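Below you'll find the structure, written out as structure tokens, and then a few comments.
Read the figures in this text as sums done on the coordinates, not as results from a lab. All values reported here derive from a predicted model rather than from experimental measurement. All Cβ positions, even for glycine, are placed from backbone atoms using ideal geometry, and neighbour counts span all protein chains on display.
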Amino acid sequence: MSYPTTLTRKPTWITRLPPYLYSLLFTAVTVAALVLARPYLTAPVAALLLLIPVSLSAAAWGLGPSILAGLLAFIALNYFFISPLYTLTVHQAQDLLALLVFLGVAALISQLVGRMRDSLALAEQREHESRRLYEMSGQLGQRKDEGQILQYLADYTQETTLADQVETLVTQSSNGKPLLVSTPPIRPHPIDAQPDLVISLLGTQYLLGEMRLWRERKSFSETEMRLLQTYASLAAVTLERARLAQESTRAQILEESDRLKSALLSSVSHELRTPLATIKAAITSLSSGTVPWESDARSELVAVIDEEADQLNRLVGNLLNMSRIEAGALQLQRQWTAISDCLAAALRRSQTASRDHPIQIDLPDDLPLAWVDDVLIEQVFSNLISNSGKYSPPGTPIEIHAASQGGGLVVTVINRGPHVAEPDLGRIFEKFQRLTAADRVTGTGLGLSICKGIVEAHGGTIWAENLPDGFAFHFTLSTSPLSEQPVEISG
Amino acid sequence: MTRQMHILVIDDEPQILRALRTILTAKGFRISTASRGEEGLALAAVEEPDLIILDLSLPDIDGFQVCRELRQWTRTPIIVLSVRESERDKVTALDLGADDYLTKPFGIEELLARIRVAMRHAGGAAHASASSVIQAGPFRIDITAHQVMRGDEEIKLTATEYNLLVYLASNAGRVLTHRAILEQVWGPADIDHVEYLRVYIRQLRQKIEKDPNQPRYLVNEPGIGYRFIPEG
């Protein structure tokens with residue numbers, strides 16, 4: 001037996017007619033056969049045989065057709081087999097009794113078989129409903145997003161009820177706003193038409209929203225109502241579960257960001273206090289008069305104060321940039337930029353690194369201009385050079401190369417610093433990662449993640465690589481904005 | 001110094017005012033201070049200082065407005081103070097007529113150098129603008145002969161390179177915005193073509209710098225413009 005995809009509709013008189021016709025035909029054929037075989041039959045045998053169409057009609061087409069068959073069989077029995085033949089009159093009392101018994105038996109069979117058949121149909125219907133619900137709960141369970149859940153509920157309800165339109169609505173979704181989903185997406189009915197049926201989406205604690213149906217045939221059967229209620233409560237439970245899951249994810253994110261914040265705070269307070277402590281010590285010693293006016297100690301202390309103040313300034317700049325990158329508030333002011341300009345400005349700023357390390361620059365004369373924010377790219381150079389200076393032994397060179405490649409530039413900064421384990425190469429660009437020699441190196445652990453943020457905001461990539469005799473950073477930059485190209489001009 | 005130079009400092013940070021007053025007074029300047037924009041404008045009108053140091057973030061009216069109003073009636077040099085993260089603000093202030101800028105925190109030597117350059121240009125504008133020879137560091141530019149010399153050696157420049165160098169060198173020590181340079185050397189129609197400037201700066205550096213990748217004379221100020229440093 002195949003299951004209908006829709007709930008059984010109330011049959012109209014047209015759809016009801018064929019079973020009566022079949023029953024009528026079946027009975028007529030049986031009567032004809034019996035009339036032909038009359039010479040070999042007695043009336044009681046004919047009566048028994050005439051119960052066949054009655055019981056089979058009941059089994060096949062239900063109560064109504066079987067009663068029709070019973071009445072026909074009763075008339076045929078009287079007409080063809082009870083004397084006087086070919087009349088509907090009965091002379092003998094026992095014949096009348098036999099006819100009445102026949103009618104009673106026929107009616108009883110119709111009743112019993114019909115009821116059995118109806119309960120079978122009901123059982124099948126129930127099984128069908130529970131299958132649908134099972135399927136629905138399975139499908140809903142796979143959906144985590146409120147919109148998807150509402151969409152599935154609307155689609156499924158529309159499909160099963162053949163409604164013209166189904167809307168599902170939660171009054172307050174996880175972002176606090178109402179969320180409405182409709183199948184089909186465009187209203188076929190006038191905007192202000194009242195829905196033909198509204199079913200609440202009732203959660204365990206409060207009303208989540210509702211489901212609205214519009215259907216040309218306005219009335220909904222009891223079965224449909226029952227199913228729709230079940231759909232609605234299933235969907236409500238799923239919605240609640242999705243919400244709880246989201247809240248716990250959010251809680252996890254918050255926890256993670258709290259963890260980052262406290263890492264930042266501890267790192268920052270340490271990094272802020274170190275230069276402050278140095279400055280305070282140097283200043284108090286200078287002002288207390290313990291250091292002679294004209295001495296090496298005095299100029300050393302002054303140099304320390306100067307350097308530490310610069311360090312503080314860099315730190316604050318990095319924190320600011322980081323928070324801008326994190327907030328997505330980095331606004332690129334792109335213009336045609338010579339990489340050599342950014343690099344030169346960065347070198348002027350990273351004087352500690354360039355004092356301790358010879359800087360070797362190899363930029364081809366015909367290097368194309370880059371379409372970048374020069375202030376930010378200078379920051380990238382500055383951070384990479386400062387990082388290289390911190391991690392490589394003093395006196396070893398820092399090399400900077402650039403080459404045009406495809407539609408852009410690849411810039412490389414090489415130092416003689418220690419290797420980073422291969423699996424950690426990507427992680428050095430994460431915040432607060434210090435994978436080597438942490439005790440020796442000062443800094444917030446923000447420099448490289450700022451580089452990553454800036455390069456990626458430009459649509460480029462940044463990566464690190466262990467070299468046989470050192471360590472390299474590479475990053476790519478675009479040399480082609482959407483339409484314009486730098487103009488090649490000569491004076 | 002025949003007359004004591006008078007500097008007006010407009011900044012809302014009391015500690016900055018206190019430090020600048022102390023340091024600049026010790027350096028022989030006469031100092032007035034204002035902690036609000038309106039007050040600064042009034043003082044500028046009454047006291048007619050020789051130079052104004054102006055912080056861009058003020059509590060009442062912003063530094064741009066102060067700059068704009070000052071430029072309506074005076075050519076007194078203005079040095080703008082600002083924090084590092086606001087390059088566009090500095091460009092705006094420079095385009096509004098400020099003479100130079102300084103990023104907080106700054107060294108006092110840097111401030112004194114900016115003051116000297118601004119004073120010199122203010123004096124230069126009044127007196128010797130018609131000079132036919134510009135001496136900038138080791139370079140000697142003869143305007144009438146269209147000739148650039150480093151010591152006894154002549155540097156051959158194209159017309160555009162020459163115009164660029166003349167403009168930068170005659171403003172030696174002072175920052176010039178991309179826009180100002182483009183307007184002066186290429187004309188008002190080309191003020192957005194930074195790429196011209198980049199290309200010519202590179203060509204010029206190859207002719208006058210020892211190491212074009214680490215320039216000493218033609219210095220880039222990211223996001224702002226270029227500065228010619230005669231001392232190299």
With Rg from the Cα atoms and Rh as the Kirkwood inverse mean 1/r over Cα pairs, the protein assembly as shown has an Rg/Rh of 1.34
Helix B:194-208: angle to the longest alpha-carbon principal axis of chain B, degrees 0 to 90, nearest 10? 70
For the range A:231-326 (alpha-carbon point model, no solvent) the Debye-based log₁₀ I(q)/I(0) at q = 0.15 Å⁻¹ works out to -0.77
What net charge do the residues around A:Thr412 carry, taking every other residue with its C-beta under 15 Å from that of A:Thr412, with Lys and Arg at +1 and Asp and Glu at -1? -3
To test your reading of the geometry: what angle, between 0 and 90 degrees and rounded to tens, separates the Cα axis of helix B:14-26 from the longest principal axis of chain B? 70
With a cut-off of 8 Å between alpha carbons and a minimum separation of six or more residues, what is the relative contact order of the range A:295-374 in percent? 42
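Where does each of B:190-202, A:378-390, A:114-126 land if you order them by average Cβ count within 10 Å, highest first?
Peptide ranking by packing, descending: A:378-390, B:190-202, A:114-126.
Reported to two decimal places, what Rg/Rh ratio describes chain B when computed on Cα atoms with Rh from the Kirkwood expression?
0.98
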Using only atoms on other chains, find how many Cβ atoms lie within 10 Å of each Cβ of peptide A:45-55 and report the average. 0
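From the square roots a ≥ b ≥ c of the eigenvalues of the alpha-carbon gyration tensor of the range B:1-55, which class results: rounded (a/c under 1.5), prolate (a/b over b/c), or oblate?
oblate
By the gyration tensor of its Cα atoms, with a ≥ b ≥ c the square roots of the eigenvalues, what is the shape of the range A:170-321: rounded for a/c under 1.5, prolate for a/b over b/c, or oblate?
Note, shape of the range A:170-321 comes out prolate.
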Relative contact order of chain B, pairs being alpha-carbon contacts under 8 Å that are 6 or more residues apart, as %: 13
With a bin width of 10 angstrom, please list the P(r) values of the range B:21-116 as percents of all Cα-Cα pairs, from the 0 bin to the one holding the largest distance. 16, 52, 31, 1
In peptide A:309-320, how many Cβ atoms from other protein chains are near each Cβ within 10 Å, on average? 2
Relative to the first principal axis of the alpha-carbon coordinates of chain A, what is the inclination of helix A:222-287, with its axis defined by its Cα atoms, in degrees from 0 to 90 and to the nearest 10? 10
Long-range lysine pairs (8 or more apart or interchain), chain A, Cα under 30 Å: 13
Tally Lys/Arg at +1 and Asp/Glu at -1 over every other residue whose Cβ is under 13 Å from the Cβ of A:Ile109; what's the total? +2
Pairs of Lys in chain B closer than 26 Å at Cα, counting only those 8 or more apart or on different chains: 4
Cα-based Kirkwood hydrodynamic radius, the range A:299-366, one decimal, Å: 14.9
Sorted by mean Cβ packing within 10 Å, highest first, what order do the peptides A:313-319, A:259-265, B:175-181 take? B:175-181, A:313-319, A:259-265
Inter-chain shielding of B:216-228 (mean C-beta neighbours from other protein chains, 10 Å cut-off): 4
Packing-ranked peptide list from A:158-166, A:222-230, highest mean Cβ count within 10 angstrom first, is A:158-166, A:222-230
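Mean 1/r over all different Cα pairs, inverted: what Kirkwood radius does the range A:157-228 give, in Å? The partial results should precede the final answer.
Working: mean 1/r = 0.0770 Å⁻¹.
With all distinct Cα pairs of the range A:157-228 included, I get 13.0 Å.
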Cα-Cα pairs of the range A:110-234 separated by more than 25 Å (percent): 30
